[in-house]
2 protein chains.
Amino acid sequence: MIYIAVLGYGVVGSGVVEVVRKNASSIAQRAGEEIAVKKILDIRDFPDSPDRELLTKNADEVFRDESIKVVAETIGGIGIAYQFTKTALSLGKHVITSNKELVATHGPELLKMAAENNVHYLFEASVGGGIPIIRPLHNCLAANEITHITGILNGTTNYILTQMRRAGKDFNTALKEAQANGYAEADPTADIEGHDACRKIAILSSIAYNEYVDYKKIPTEGISKITLEDMRYAEKMESVIKLVGRSMKVGDKIHATVSPAIIQKSHPLANVDDVFNAIVVRGDAIGDVMFYGRGAGKLPTASAVVADIIEVVKHKNNSGRNVWNINTEENMVDPESVKTRYFVRVKVRNTEEAEKLIKKVFGSVDWINSINEGKKEELAFVTSIDTEVNQKEKVEQLKGTGSIKEVISFINVL
Amino acid sequence: MIYIAVLGYGVVGSGVVEVVRKNASSIAQRAGEEIAVKKILDIRDFPDSPDRELLTKNADEVFRDESIKVVAETIGGIGIAYQFTKTALSLGKHVITSNKELVATHGPELLKMAAENNVHYLFEASVGGGIPIIRPLHNCLAANEITHITGILNGTTNYILTQMRRAGKDFNTALKEAQANGYAEADPTADIEGHDACRKIAILSSIAYNEYVDYKKIPTEGISKITLEDMRYAEKMESVIKLVGRSMKVGDKIHATVSPAIIQKSHPLANVDDVFNAIVVRGDAIGDVMFYGRGAGKLPTASAVVADIIEVVKHKNNSGRNVWNINTEENMVDPESVKTRYFVRVKVRNTEEAEKLIKKVFGSVDWINSINEGKKEELAFVTSIDTEVNQKEKVEQLKGTGSIKEVISFINVL
């Protein structure tokens, strides 16, 4: 029998307790030993919970109990969760977490601490909810040099974008609906501004490229500027707009970004709708593989936590020794130097002159037919490929000219 | 340094040698030890191979060499591969294979032998080429009770069906093209008649449901009867036709089949085209997750073999102890008792009478508009749900009647 403790009895934590109880016998078969929750730590009261006998507010009851070998940290954030994780690891307890913020921020330190104490620090649930992605990246694709990761990593924004595209709702309406359905939090900033996706692509990249990728160095743009008009242009381009987290190897450096992107409908990510997430990984031997599923939710995320617990039980005397080396040199490519194409939409005063100006500034472009048939006040085009810094400079040259009133949209094309 | 031997220097075997050599340093980092190929066993001559120094025709050079701890069996078939695998396991060597036929046929015996000798017998490459599916099913989804597996498991047939649908080529033309492109073998029977997919769904099911599923008990139907007309009807139904391997838990028994199926375009499998494979797994906690990628090919398959080798090296003193229990009672549901819907297409002599007869026999059906506008010699419909045995009996009642000339198609609707 292996005893575990759950820190934080919120959505994921209570899901962990539920899955461990419900699937106890098949879990025991797969782990080779029975697994039971001995303590649940939370400062709140849950008088009506079926787990009230296990609940405690006293952290010592978890940490001083030597029979508890595995701790599932489902508190979130980088405050008390960080302290508890360090305490548990230093006491030789394995730690499993769903806390992407903590892994993205203190991953190198915590993994090092785990290795020094010969225990595991595992975080399958921190990216993609229940979708198996961390372990496949680590183990199943281990024979590959991974060169690209491209993912829809945030269910909230994907739900909003899907509602906009399918039901023609504008951003604010779709956001409110997402909040009403429990898919977006009261303060939705972390989701809609891309911060959540940013931490996730940082974690995936750190594993794929064998060195720590600091999320603070990843240029991140959210979806709040995306309009229904942009979506209709994307439709004309046989494409959809998604919030995409990307990273790739460029020589021995790494390039990573989070931004809205226009994706061809034939791309496997284009069909990933609603709250689903998907991650495409490219390796030199395997080509593209995609992992798809529910990126959030109580039971999917809990099942990823429990899978990590089973893994620890199976290999409890054989810790992974995974560390994220921190590169002493700058390991990120200057994002401004990376070449890309953009979709640009401008409001014009004089169509002919504006077209001339755009050709002069951008050279050859692909014009997209206006979504407002007949009306000529708008021009839309896709630039040829160039560095981001050059693209931005060119856009600046369009602003405040006689023929162009306003640059309305400037969106990455994948 | 860990020494391995490769048995069989064909497409996959030579790929294994290539991947081990090419990505040696990152493989060493992930495995925690360097890995080198010491011997390659093949009865053929390869005088110009870069690996000729390693090649031998003498099996003793592999089996008597105690420094060789891991053997990659990429011979295929259930003849000499079976003998060599038993020899290697009995000598305490770990065995990795891409041989689905051998795993599906002798899996229970070989896994038991591996457990008795405290070594691993791993076969990630046997299903889905390079797509990580066996280990995720085993480990990452371990917290779930898996209830359904649905997959496009054969790249050859998926390529043929994609060519039929997209380019309007008929089955025979598409098959010849697949052979010319190296996607189908000279004798394509195992692929087009579904035998290959059958072995794969048997392996996946054995893992998911924790007991051996005998592929010989899985009703299997290939794609050779599918016509362009069927595809056009599917298109009218906002669907596509795919060769699908399926299994599910029905109470404590298992139902599995391989057959062509009509799938709604909104289903994630509908967009899996060309030689790609994808597997959707449903678990009670996680919901649906999908794994997608190249289901075959030299380097993708080799990378799966090498990932298993890395896994063995990481856990070489801790064999998986996975066994497939053989249920002493019949563990398969009578397939005839499983309920499903069918697409039926008939040639008629008298439309009105035929419609009446169909309603009388099948009750309520969904009529599909004819693809031959105006012409009335054909009727197409989707039945309501009923057991397979009943559906077949009903179809029999249509045959040889005055109003119906011929039953042209009878295809599962997913």
Matching residues, region A:246-298, being part of a loop (DSSP other than H, G, I, E, B) and open to solvent by 20 Å² or more (accessible area, probe 1.4 Å) = A:GLY251, A:ASP252, A:LYS265, A:SER266, A:HIS267, A:ASP273, A:ASP274, A:VAL275, A:ASP284, A:ALA296, A:GLY297
Selected residue (only one of B:ALA278, B:ALA296 is within 12 Å of the chain's Cα centre (by Cα), at pLDDT below 95 and not β-branched (Val, Ile, Thr)) = B:ALA296
note = For region A:123-141 the number of residues that are more than 14 Å from A:SER206 (Cα to Cα) and not in a helix (DSSP H, G or I) is 6
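Tell me which residues, restricted to region A:18-58, are hydrophobic (A, V, I, L, M, F, W, C) and within 12 Å of another protein chain (Cβ to nearest Cβ). Don't jump to the end; show me each part of the working.
Filtering region A:18-58 for residues hydrophobic (A, V, I, L, M, F, W, C) gives A:19-20, A:24, A:27-28, A:31, A:35-37, A:40-41, A:43, A:46, A:54-55.
If the condition is that a residue be hydrophobic (A, V, I, L, M, F, W, C) and within 12 Å of another protein chain (Cβ to nearest Cβ), then A:VAL19, A:VAL20, A:ALA24, A:ILE27, A:ALA28, A:ALA31, A:ILE35 are the ones that fit.
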message = Any residue at all in region A:314-334 that's touching a helix residue (DSSP H, G or I) at 6+ places or on another chain (Cβ under 9 Å), more than 30 Å from B:GLU33 (Cβ to Cβ) and small (Gly, Ala, Ser)?
response = no
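Which residue, of A:ASN318, A:ASN327, A:ASN350, A:ASN372, is over 30 Å from A:GLU18 (Cα atoms) and without any contact (Cβ under 8 Å) to a residue 12 or more places away in the chain?
Answer to the selection: A:ASN372.
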query = Out of curiosity, is B:ILE4 in contact (Cβ under 8 Å) with a residue 60 or more places away in the chain, open to solvent by less than 10 Å² (accessible area, probe 1.4 Å) and within 22 Å of B:LEU299 (Cβ to Cβ)?
reply = yes
Any chance A:LEU89 is at pLDDT 95 or above and within 23 Å of B:ALA143 (Cα to Cα) = no
inquiry  = Out of B:ALA186, B:ALA190, I need the residue that is more than 14 Å from chain A (Cβ to nearest Cβ), surrounded by fewer than 23 Cβ atoms within 10 Å (Cβ to Cβ) and within 12 Å of the chain's Cα centre (by Cα). Which one?
reply    = B:ALA190
query = Among the residues of region B:303-349, how many are away from every other protein chain (no Cβ under 12 Å), under 25 Å from the mean Cα position of the chain (by Cα) and not small (Gly, Ala, Ser)?
reply = 16
inquiry  = Among the numbered criteria (1) at pLDDT 95 or above; (2) out of contact with any helix residue (DSSP H, G or I) (no Cβ under 8 Å at 6 or more places or on another chain), which one does A:GLN29 miss?
reply    = (1)
Those residues of region A:228-245 which are of a type outside the set (Phe, Trp, Tyr) and either closer than 18 Å to A:GLU373 by Cα or in a helix (DSSP H, G or I) (or both), in sequence order = A:LEU228, A:GLU229, A:ASP230, A:MET231, A:ARG232, A:ALA234, A:GLU235, A:LYS236, A:MET237, A:GLU238
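Filter region A:283-297 for residues that are touching a strand residue (DSSP E or B) at 6+ places or on another chain (Cβ under 6 Å) and at the interface with chain B (Cβ under 7 Å from one of its Cβ atoms) and give the result.
Of everything in region A:283-297, those that are touching a strand residue (DSSP E or B) at 6+ places or on another chain (Cβ under 6 Å) and at the interface with chain B (Cβ under 7 Å from one of its Cβ atoms) turn out to be A:GLY283, A:GLY287, A:ASP288, A:VAL289, A:MET290, A:PHE291, A:TYR292, A:GLY293, A:ARG294.
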ask   = Is it true that some residue in region B:132-141 is more than 11 Å from every other protein chain (Cβ to nearest Cβ) and open to solvent by 20 Å² or more (accessible area, probe 1.4 Å)?
value = no
ask   = Looking at (1) at the interface with chain A (Cβ under 8 Å from one of its Cβ atoms); (2) within 17 Å of B:THR150 (Cα to Cα), which is the only condition B:PRO300 fails?
value = (2)
task = Only residues that are outside any strand (DSSP E or B), within 13 Å of chain A (Cβ to nearest Cβ), in contact (Cβ under 8 Å) with a residue 60 or more places away in the chain and of a type outside the set (D, E, K, R): list them for region B:142-153, please.
result = B:ALA143, B:ASN144
key: Selection count, region B:299-321, where residues are modelled with pLDDT of 90 or more and open to solvent by less than 10 Å² (accessible area, probe 1.4 Å)   = 11
Conditions (1) closer than 20 Å to A:TYR292 by Cα; (2) more than 14 Å from chain B (Cβ to nearest Cβ); (3) not charged (D, E, K, R); number of the one not met by A:VAL280 = (2)
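The values are calculated or read from the model by the stated rules, or taken from the named source; none is laboratory data. Since the structure is predicted, the reported quantities are computational estimates derived from the model, not experimental observations. Cβ sites come from the backbone with ideal geometry, for glycine too, and all protein chains shown count toward neighbours. All accessible areas refer to the heavy atoms of the entire protein, side chains included, with ligands and DNA or RNA removed. Shrake-Rupley method; radii C 1.70, N 1.55, O 1.52, S 1.80 Å.
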